[in-house]
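Asker: Before I ask anything, here is the structure I am working with.
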Amino acid sequence: MPISKKTASVILRALSSGVVPSRGAEQIAVGRREEVSTFEEDLENATEGSGTFRFIIGSYGSGKTFMAQLIRARALDKGFAVMNADLTPANRMRGSGNEGVATYRLLMSSLSVRGMADGGALESVIQGWLQSVREECAKDPLYQEHPVRAAESGIRALTSGISQSVLLHDFQSMLVRYYVRSTGGHDASEIVKWFDGSCCSLKEARELGAENCVREDNWFLFLKIWADFFRIAGYKGLAVIIDQADVLVKLGNAARNSNYEMILSMYNDITQNGRRHMAVYMCGTGEFLRDPVRGMFSYGALRTRLEEGRFAGGNSGFFSPVVNVKPITPEEQVALLMKIRDIHQIAYGYESAVTQKDVEDYVLSVRSNSEEASPRMLSRDFIDLLNHMYSSPGSDFGKLIEGRSVEKDTGAVFLD
């Protein structure tokens, strides 16, 4: 398995804690070929300008977040800029206390590109693009006499076609001001705050020279501008991943409907506009989608768009905006645990005494004695067994797994 000891340790720590590893998720991928093929097609379409908005739906621990990490890894590998955020009561799609702006800030802080896969790539991307603009403008005779004027002209010309938004003029002005301050050796941090949503009052914005700033009613417009900007900066487009959407189910009626209205607006914009280089994925449980009282199906306009057709049979694949995460088969469970065993060997530098037959017996025991065995709970328990076998050589694996079971995954222990 071509991974380092450090990456192997990161994977094990994450799985032991019940979360998806931030790196190396592709090393433990099993099955999911249809889903992965669908996501690959999404990214290809986004590259061509046909936006995608999908909902990844499954029970707790079934692999929703794991799929999101696979999408993230593939998008980075294909040259996309990627943003991700988990919804919480404090950051949602929309709220009365800037909860939507808080989500935008999380997304911007998480910005990752190839070579900077752990977030924090915003300023680096801006600087890299402005440097290319500067090099191009230096070829113009005007640059020698009026470098700032030439650069401003170049910035506005190159960004003139990225969006029809009323926010474009401000966006261009802030790029120019960032260029002037940074090339002049001055502090440009206030401009970065305007870009990343930390500046969210009109007074502050106008002091910087902008008429607008990120607010509850326009943060998605900013995301669309960024998607277009990343294209001219050399990336294929923007992939946005929003997880833990079940938070919205727990809101009061008015707040919940406001958030669903925001989701509907984003969905319509991305799927109906023919030039969106953006792929958006939202992860949640079946309750978030199908509950007729509190889920998205309680919002009529969303239900008509997301409800399966009469002939879909839960397997509509690429043609449906909803990707249902199916339970992995017993054979896939064995394959997953064998991968985890190999990663455990790399992390600790030893050869495990646990064989494939042992793993098959373990899966059989767990499936016979548990109400259900989600990949998350199965992985956590198996790593615990591997740790025991490593620290106590000679232990009888067969006796350890007699009557073995795992608790049902409700997700509660992993959610704050």
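Just so you know, all these numbers are worked out from the coordinates, no wet-lab data involved. This one's a predicted model, so the numbers in the text were calculated from it and none came from an experiment. Every residue, glycine among them, receives a Cβ derived from its backbone with ideal geometry; neighbour counts consider all protein chains shown.
Asker: Could you line up Phe171, Phe80 from fewest to most neighbouring Cβ atoms inside 10 Å? The partial results should precede the final answer.
Answerer: Values: Phe171 23, Phe80 28.
In order of increasing Cβ crowding within 10 Å: Phe171, Phe80.
Asker: Oh, and also: Just add up the charged neighbours of Ile28: K/R +1, D/E -1, any other residue whose Cβ is under 12 Å from the Cβ of Ile28.
Answerer: Working: positive: Arg23, Arg32, Lys339, Arg341, Arg376; negative: Glu26, Glu332, Asp342.
Neighbour charge sum, excluding Ile28 itself: +2.
Asker: Out of (i) 38; (ii) 43; (iii) 48, which label holds the value of percent of Cα pairs over 30 Å apart that was computed here?
Answerer: Derived directly from the coordinates: (iii).
Asker: What's the exposure ranking of Ile71, Ile225, going from fewest to most Cβ atoms within 10 Å? Display every interim value, and only then the final one.
Answerer: Numbers: Ile71 28, Ile225 19.
So the ranking, lowest neighbour count to highest, is Ile225, Ile71.
Asker: Still on this structure, please answer the following. Hey, can you grab everything whose amide H is under 5 Å from the amide H of Phe55? Only 5+ residues off in sequence or another chain; H modelled, so Pro and N-termini drop out.
Answerer: When sequence neighbours closer than 5 places are left aside, the close amide H contacts are Met282, Val322, Val323.
Asker: If I fit a long axis through the Cα atoms of helix 147-159 and take the longest principal axis of the Cα atoms of the chain, what angle between them do I get, 0 to 90°, rounded to 10?
Answerer: For 147-159 against the chain, the angle is about 50 degrees.
Asker: Select from the range 363-410 those GluC sites (Glu not before Pro) which occupy a DSSP coil region and have at most 12 other Cβ atoms within 10 Å, ordered by residue number.
Answerer: Answer by residue number: Glu371, Glu402.
Asker: Next up: Compute the acute angle (0 to 90°) between the alpha-carbon long axis of helix 253-272 and the principal axis of greatest extent of the alpha-carbon atoms of the chain; round to the nearest 10°.
Answerer: On a 0 to 90 degree scale, this one is about 70.
Asker: Additional query: Of all beta bridges DSSP finds with both residues in the chain, what is the antiparallel percent, to the nearest 5? All intermediate terms of the calculation are to be shown ahead of the outcome.
Answerer: Details: 3 of 23 bridges.
About 15 percent, rounded to the nearest 5.
Asker: Taking the inverse of the average 1/r across all pairs of different Cα atoms in the range 1-120, what Kirkwood radius in Å do you get?
Answerer: Numbers: mean 1/r = 0.0631 Å⁻¹.
The answer is 15.8 Å.
Asker: For the range 153-276, what does the convex hull of the Cα positions come to per residue, in cubic angstrom?
Answerer: On the way: hull volume 16.8 nm³, N = 124.
Convex hull of Cα atoms, per residue: 135 Å³.
Asker: What ³J(HN,Hα) values, in whole Hz, does the Karplus curve 6.51 cos²θ - 1.76 cosθ + 1.60 give for the range 70-82 when θ = phi - 60°, with x put for Gly and Pro?
Answerer: Listing the rounded values in order: 5, 4, 4, 5, 5, 5, 4, 5, 7, x, 8, 7, 10 Hz.
Asker: Over the Cα atoms, compute the radius of gyration (one decimal) and Dmax (the largest Cα-Cα distance, rounded to a whole number) for the range 330-414, in Å.
Answerer: Considering the range 330-414 through its Cα atoms, Rg and Dmax are 12.4, 36 Å.
Asker: Quick one: putting +1 on the C-beta of Lys and Arg, -1 on the C-beta of Asp and Glu, what dipole do you get for the chain around its Cα centre, in Debye to the nearest 20?
Answerer: On the way: 47 positive and 52 negative charges, 80 e Å.
Roughly 380 debye for the chain.
Asker: Treat the count of other C-beta atoms within 10 Å as a stand-in for reagent exposure and order Thr103, Thr159, Thr410, Thr88 from fewest to most.
Answerer: Lowest to highest Cβ neighbour count: Thr410, Thr88, Thr159, Thr103.
Asker: Sticking with this one: Determine Rg/Rh for the range 70-217; Rg is computed over alpha-carbon atoms and Rh is the Kirkwood hydrodynamic estimate from the same atoms.
Answerer: Values: Rg = 16.7 Å, Rh = 16.7 Å.
Across the range 70-217, the Cα-based Rg/Rh ratio is 1.00.
Asker: On C-alpha positions alone, give me the angle between the axis of helix 356-369 and the longest principal axis of the chain, in degrees, nearest 10.
Answerer: Once rounded, one gets 90 degrees.
Asker: Given Ala188, Met278, Tyr348, which one lies farthest toward the positive end of the charge dipole of the chain, if we put +1 on the Cβ of every Lys and Arg and -1 on the Cβ of every Asp and Glu?
Answerer: Ala188
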